[in-house]
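Peer 1: This is the structure I want to talk about, given as structure tokens.
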2 protein chains.
Amino acid sequence: MAEQDSEGCAAARPLLTDLYQATMALGYWRAGRAHDLAEFELFFRHCPFGGAFALAAGLRDCVRFLRTFHLRDADVQFLASVLPPDTDPAFFEHLRAIDCSGVTVRALPEGSLAFPGVPLLQVSGPLLVVQLLETPLLCLVSYASLIATNAARLRLIAGPEKRLLEMGLRRAQGPDGGLTASTYSYLGGFDGSSNVLAGQLRGVPVAGTLAHSFVTSFSGTEVPPDPMLAPAAGQGPRVDLATLVEAWLERVCAHLGLGVQEPHRGERAAFVAYALAFPRAFQGLLDTYSVRRSGLPNFLAVALALGELGYQAVGVRLDSGDLLQQAQEIRGLFRTTAAQFQVPWLKSVPIAVSNNIDEEELARLAQELVSVGGQPRMKLTEDPEKQTLPGSKAAFRLLGPDGALLLDVLQLAEEPPPRAGQELRVWPRGAQESRTVRPAQVETLLQLWVRQGQLCEPLPSLAESRAFAQLCLSRLSPDHRRLEQPAPYQVALSEKLQALLHRLSAGTP
Amino acid sequence: MAEQDSEGCAAARPLLTDLYQATMALGYWRAGRAHDLAEFELFFRHCPFGGAFALAAGLRDCVRFLRTFHLRDADVQFLASVLPPDTDPAFFEHLRAIDCSGVTVRALPEGSLAFPGVPLLQVSGPLLVVQLLETPLLCLVSYASLIATNAARLRLIAGPEKRLLEMGLRRAQGPDGGLTASTYSYLGGFDGSSNVLAGQLRGVPVAGTLAHSFVTSFSGTEVPPDPMLAPAAGQGPRVDLATLVEAWLERVCAHLGLGVQEPHRGERAAFVAYALAFPRAFQGLLDTYSVRRSGLPNFLAVALALGELGYQAVGVRLDSGDLLQQAQEIRGLFRTTAAQFQVPWLKSVPIAVSNNIDEEELARLAQELVSVGGQPRMKLTEDPEKQTLPGSKAAFRLLGPDGALLLDVLQLAEEPPPRAGQELRVWPRGAQESRTVRPAQVETLLQLWVRQGQLCEPLPSLAESRAFAQLCLSRLSPDHRRLEQPAPYQVALSEKLQALLHRLSAGTP
């Protein structure tokens, strides 16, 4: 599905910036420097979550923002209202005319591995304009990258096959916080989100079935206007599903050693109502009353009744308690029930779990379960800041003959790029000594996306970026990919950049 | 300043909801229950940040959302694309027609104290509609309340006089996460924000001066097109500010025992440029190079030059290092310099600090400093959930004769409200015994804001809610207001509600 939000309505508005960007703009303008060419870089100092890598993300939102950036009359009037009343009106005329037609952006492609000190984004253009852009671009990149990194970590824990769903909208930082989280969880490796808007605007696959409130809203005395369901194949007479479910309930309870009155009739009515609406996509939420004595037998009765009509239930969900222990018990009961009633498909009905699943809990669950969902939990430890290494830089990733990542090199923009097969002397950051390296392949990290305000090439789709992220991660060595106490990935400076840095820190200008 | 965002552009869109709200809507519709009257309540189980109170916030965004809520054709088409292909088209016709004209909202006024289990929001209306509303309303209320509570705690630490500014935009959860944080930090007690959009759309006072990048962008060789500044009073000839600053620098360096070459000339050029643009609002950012050897003497030279022309600098800012120790040292140097040059106003020039200020750091700083800013740090520990207490409820706050808060009472909606002066038996939650209480005053907590989709009375302005929040906090006893290990505030049930709960938990329907 394509992204529908091409008008950029969900990206930042031009005044989503810190006031000091506007006061500094006036300062530059007053100093005659508005048109000076300037560049800023956005990078982080430490990988989040204690890991050794991050994923770069947010570029699509930055591009969307830049392409429509201009100050409307109302925006300029608001700025005039918060700047000194005797400010030269010519400054506001200047503001009315600015746009991003002089702005150039280089950036890591979305989904790239990013390491400390390597720029995610380089933005150059007129000083006054890039100053105004700084805060919104920081805002758009840093949270997106954080979420994508978090998702990538959870994907590594879960392995490639498990289905991971993001469901954090209700606790998000406001509406767009939720949209951003859903979008970039998907980019980082999740399979989808509960957030419908992320599906509509960004093409993120959406998923969801029913909540506890749906279950508790039924007492069991409701009379559905049409309880009849046609068989899946479309052949044969329609059947009263509720009646069929009651017949199956007796057999299920006998098998499970439960009294037929024990399973909650309201829960069963809710399951029947849901199955009537979604006969091909019936999922049971098991833990509203008692999983073992109510949710499970009610689910089985409905699933077996549907099965008799040729429909296969898509799964169950657990949302509380010890998720692993319950899932194991349910899997066992699915197996015995499948054998008892000779319905082999029941053995492998997916068990989904949700409820505040963090990395630790996911690691416990990953060996057993097929699907998990929940809010990505985050510690905000990244620290994007402006450049502290001097001058405009280029960045390259050096790879070994087997495609494994060796290290990233930062150098001055004017230096020739490293060449495959040629030995190179570099200075690893934080080390006292230089080292040599002979890359088998060299990748240019910062690609040109926007030149003088024009998009140079189409951005990859969100799904393409998602696939790229997984490819990048697969090339990272297990030592760096490890989530706890990983080996730091090396970022090194070229000899020239190292020398420049040395001169500057010695105070020689 | 009024809120400008009346069109609701920044509030949630209708599809900002979990998909299961839509699948459940179909389930209800198929079961003939779309028009059933339903109610949900939104509350939290534990106060955030380890405190004993929270502030209710987010109602204005909820009302803005509800008033414009309807599903556009594109929204319905998107839902059709993710629901089963054989879904009855009449369901989508139903969706096209829904709005909030049947929805009623009761809520704590914004800025109210909120305690665990007491609803922040009660929403009633047709089952299908309130189901779709649940996720966006949760999203709008929970983060707003969390931010407002965080701000209120920092305000309690800082005391009523200190200036507190929110500057978290660049690390916010996406654009609207930032707008929400800025808005509700202000409601909770901050004085303003760096976020210009929050000023434009919500009327939040905005503040900001200059960043390190402004300082480093000047080398000192720049020639400003117009270095001349007229005296503040408007009388007398214009003066070359840069030349005047150099003269003052010699005197300042002599006083501070520094060589006149030590202060960075680029930093000084940046200060001069800023002062030319903002002669009445000059603030020095001191820690780009060295506070003691560069930032401070440069600031003093510019401030004293401005002072000679009749302008008074508005302050300095520190953004790194031991903020308290540096601030104390700077205050001392302001005093000696003021005495040396006989400029008494210099003694009390405000010192602002920023850089990840949390509660602990603020407590250290509060006794010394006038102004702090930074990102509110949050631990997301609140837990808003749907009702677990049965039935529609009313909530009252009981007060003593001195206006002090005694406790909150939850009771069934049909019970008569508690009466001032009359003894009442209640069951404190979590306690085994009932108690009696004789309130001197009784306040109704949940006020009717929206009836059948119509706003019943104008919402207070953001600034009014902010003042209300401080009033509420002032009435809370110090035992409950304490930020660490506070005494829990009592929330109690009426005898009838307690009895109903007892019957339900005993399994009697």
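The values are calculated or read from the model by the stated rules, or taken from the named source; none is laboratory data. Fair warning: this is a prediction, and the values are worked out from it, not measured in the lab. Neighbour counts run over all protein chains shown; Cβ positions are idealised from the backbone, glycine included. Heavy atoms of the whole protein, side chains included, go into the accessibility calculation; ligands, DNA and RNA do not. Shrake-Rupley method; radii C 1.70, N 1.55, O 1.52, S 1.80 Å.
Peer 1: Rg and Dmax of the protein assembly as shown over Cα atoms: what are they, in angstrom?
Peer 2: So, for the protein assembly as shown, Rg and Dmax equal 31.3, 102 Å respectively.
Peer 1: Starting from region A:44-108, pick out the trypsin sites (Lys or Arg not before Pro) whose DSSP state is loop and whose Cβ has at most 14 other Cβ atoms within 10 Å. Intermediate results must be reported in sequence, preceding the final value.
Peer 2: Details: sites: A:Arg45, A:Arg60, A:Arg64, A:Arg67, A:Arg72, A:Arg96, A:Arg106; in loops: A:Arg45, A:Arg72.
Qualifying residues, ordered by number: A:Arg45, A:Arg72.
Peer 1: Take every residue in peptide B:84-94, count the Cβ atoms of other chains within 10 Å of its Cβ, and give the average of those counts. If you can, show how the numbers build up before the last one.
Peer 2: Numbers: counts 5, 1, 2, 2, 2, 0, 0, 1, 0, 0, 0.
Across B:84-94, the average partner-chain Cβ count within 10 Å equals 1.
Peer 1: Moving on to the next point. Reported to two decimal places, what Rg/Rh ratio describes region B:420-467 when computed on Cα atoms with Rh from the Kirkwood expression?
Peer 2: Values: Rg = 16.9 Å, Rh = 14.4 Å.
My calculation puts Rg/Rh at 1.18.
Peer 1: I'd like the mean, over residues of A:202-214, of how many other protein chain beta carbons sit within 10 Å of each residue's own Cβ. Show your work: numbers first, answer last.
Peer 2: Numbers: counts 0, 0, 0, 2, 9, 5, 10, 5, 5, 9, 3, 12, 10.
Other-chain Cβ atoms within 10 Å of each residue's Cβ, averaged: 5.
Peer 1: Using the beta-carbon distance between A:Arg419 and B:Val223 and R0 = 45 Å, what value does 1/(1 + (r/R0)^6) give for FRET efficiency, to the nearest 0.05? Each step should come with its number before you reach the end.
Peer 2: On the way: r = 43 Å, r/R0 = 0.96.
The calculated FRET efficiency here is 0.55.
Peer 1: Under the rule a/c < 1.5 gives rounded, and otherwise a/b versus b/c splits prolate from oblate, where does region A:25-110 land using the Cα gyration tensor?
Peer 2: Details: a/c = 2.38, a/b = 2.17, b/c = 1.09.
Note, shape of region A:25-110 comes out prolate.
Peer 1: Is region B:294-361 best put as rounded, prolate or oblate by its Cα gyration tensor, with a ≥ b ≥ c the root eigenvalues, rounded for a/c under 1.5, and otherwise prolate when a/b is larger than b/c, oblate when not?
Peer 2: prolate
Peer 1: Students sometimes get this wrong: rank A:Lys496, B:Lys162 by accessible area, probe 1.4 Å, all chains present, largest first.
Peer 2: Details: A:Lys496 120, B:Lys162 45 Å².
Ranked list, largest accessible area first: A:Lys496, B:Lys162.
Peer 1: Give me the percent of DSSP beta bridges within the protein assembly as shown that run antiparallel, rounded to the nearest 5.
Peer 2: Numbers: 77 of 113 bridges.
That works out to approximately 70 percent antiparallel.
Peer 1: Also, I was wondering about something else. Starting from the Cα of B:Arg451, step 7 Å toward the Cβ, then list every residue of region B:124-143 with an amide N under 19 Å from that point.
Peer 2: B:124-126
Peer 1: Can you give the charge dipole size of region B:287-347 about its Cα centre, rounded to the nearest 20 debye, using +1 on the beta carbon of Lys and Arg and -1 on the beta carbon of Asp and Glu? Please report the intermediate quantities before stating the final value.
Peer 2: Working: 6 positive and 5 negative charges, 30 e Å.
Roughly 140 debye, rounded to the nearest 20.
Peer 1: Relative to the Cα centre, what is the charge dipole magnitude of region A:21-115, using +1 at the beta carbon of each Lys and Arg, -1 at the beta carbon of each Asp and Glu, and rounding to the nearest 20 debye? Show your work: numbers first, answer last.
Peer 2: Values: 9 positive and 11 negative charges, 59 e Å.
The calculation lands at about 280 debye.
Peer 1: Using amide H atoms built in the peptide plane, which far-off residues or other-chain residues are under 5 Å from A:Ala114 H to H?
Peer 2: A:Ala54, A:Leu55, A:Ala56
Peer 1: Sticking with this one: How much accessible area does B:Glu361 have with a 1.4 Å probe, in Å² rounded to the nearest 10?
Peer 2: 40 Å²
Peer 1: Net charge around A:Val76, counting only other residues with Cβ within less than 10 Å of its Cβ (Lys, Arg = +1; Asp, Glu = -1)? Write out the running numbers ahead of the final one.
Peer 2: Values: positive: A:Arg72, A:Arg96; negative: A:Asp73, A:Asp75, A:Glu93.
Neighbourhood net charge equals -1.
Peer 1: I would also like to ask the following. With a 1.4 Å probe and all protein chains kept in place, how do A:Glu110, A:Glu443, A:Glu250 rank by accessible area, largest first?
Peer 2: On the way: A:Glu110 10, A:Glu443 60, A:Glu250 125 Å².
Descending order: A:Glu250, A:Glu443, A:Glu110.
Peer 1: Reachable aspartates and glutamates from A:Lys393, Cα under 16 Å, same-chain residues fewer than 8 places away excluded?
Peer 2: List returned: A:Glu39, A:Glu41, A:Glu385, A:Asp408, A:Glu414, A:Glu415, A:Glu443, A:Glu495.
Peer 1: Using the Cα centre as the reference, give the magnitude of the dipole from point charges on the C-beta atoms of the protein assembly as shown (Lys, Arg: +1; Asp, Glu: -1; all else neutral), rounded to the nearest 20 debye.
Peer 2: Values: 92 positive and 104 negative charges, 197 e Å.
Approximately 940 debye in magnitude.
Peer 1: Moving on to the next point. Relative to the longest principal axis of the C-alpha atoms of chain B, give the angle of the C-alpha long axis of helix B:265-277, reported between 0 and 90° and rounded to the nearest 10°.
Peer 2: For helix B:265-277, the angle is close to 70 degrees.
Peer 1: Further, regarding this structure: Enter the angle in degrees (range 0 to 90, nearest 10) between the Cα long axis of helix B:241-256 and the first principal axis of the Cα atoms of chain B, meaning the one along which they spread out most.
Peer 2: Approximately 90 degrees, to the nearest ten.
Peer 1: How much of the DSSP bridge set in chain B is antiparallel, in percent, rounded to the nearest 5?
Peer 2: Working: 38 of 56 bridges.
So the antiparallel bridges in chain B amount to around 70 percent.
Peer 1: Pull up the cross-link candidates among the aspartates and glutamates for B:Lys162, meaning alpha carbon to alpha carbon under 13 Å and not fewer than 8 places away within one chain.
Peer 2: B:Asp191, B:Glu368
Peer 1: Same structure again: Given axes a ≥ b ≥ c from the Cα gyration tensor, I'd like to know whether region B:75-221 is rounded (a/c under 1.5), prolate (a/b larger than b/c) or oblate.
Peer 2: Details: a/c = 3.64, a/b = 1.72, b/c = 2.11.
Oblate is the answer for region B:75-221, as a/c is 1.5 or above yet b/c matches or exceeds a/b.
Peer 1: Follow-up question, since we're still on this one. Per residue of B:126-132, how many C-beta atoms from partner chains lie within 10 Å of its own C-beta, taken as a mean?
Peer 2: Details: counts 0, 3, 0, 0, 1, 4, 1.
If you average over the peptide's residues, the count of other-chain Cβ atoms is 1.
Peer 1: Per residue, what volume in Å³ does the convex hull of the Cα atoms of region B:1-144 enclose? It would help to have the intermediate numbers written out before the result.
Peer 2: Details: hull volume 17.6 nm³, N = 144.
Cα-based convex hull of region B:1-144, divided per residue, equals 122 Å³.
Peer 1: Once Lys and Arg get +1 and Asp and Glu get -1 on their Cβ, which of A:Pro263, B:Thr436, B:Gly189 lies farthest toward the positive end of the dipole of the protein assembly as shown?
Peer 2: B:Thr436
Peer 1: Also: Using alpha carbons only, how many degrees (0 to 90, rounded to 10) separate the axis of helix A:323-341 from the longest principal axis of chain A?
Peer 2: Between the helix axis and the principal axis of chain A, the angle is about 40 degrees.
Peer 1: Grab every C-alpha pair in chain A, bin the distances at 10 angstrom width from 0 up to the longest one, and report whole percents.
Peer 2: 4, 17, 22, 20, 15, 11, 8, 4, 1, 0
Peer 1: Let me ask something else about it. May I ask for log10 I(q)/I(0) of region B:235-327 at q = 0.12, 0.13, 0.21 Å⁻¹, from a Debye sum over the Cα atoms as equal point scatterers with solvent left out?
Peer 2: The Cα Debye sum returns log10 ratios of -0.33, -0.39, -0.99.
Peer 1: In nanometres, what is the gap between the two model label sites at B:Gln432 and A:Arg503, each 7 Å from Cα along Cα-to-Cβ?
Peer 2: The two pseudo-label positions are separated by 8.0 nm.
Peer 1: For region A:395-470, which trypsin sites (Lys or Arg not before Pro) pass both filters: DSSP loop (anything but H, G, I, E, B) and at most 13 other C-beta atoms within 10 Å? If you can, show how the numbers build up before the last one.
Peer 2: On the way: sites: A:Arg397, A:Arg419, A:Arg425, A:Arg429, A:Arg435, A:Arg451, A:Arg466; in loops: A:Arg419, A:Arg429.
Passing both the DSSP loop test and the Cβ count: A:Arg419.
Peer 1: Distance between Cα centroids, region B:395-427 to region A:432-509: provide it in whole Å.
Peer 2: Here the answer is 63 Å between Cα centres.
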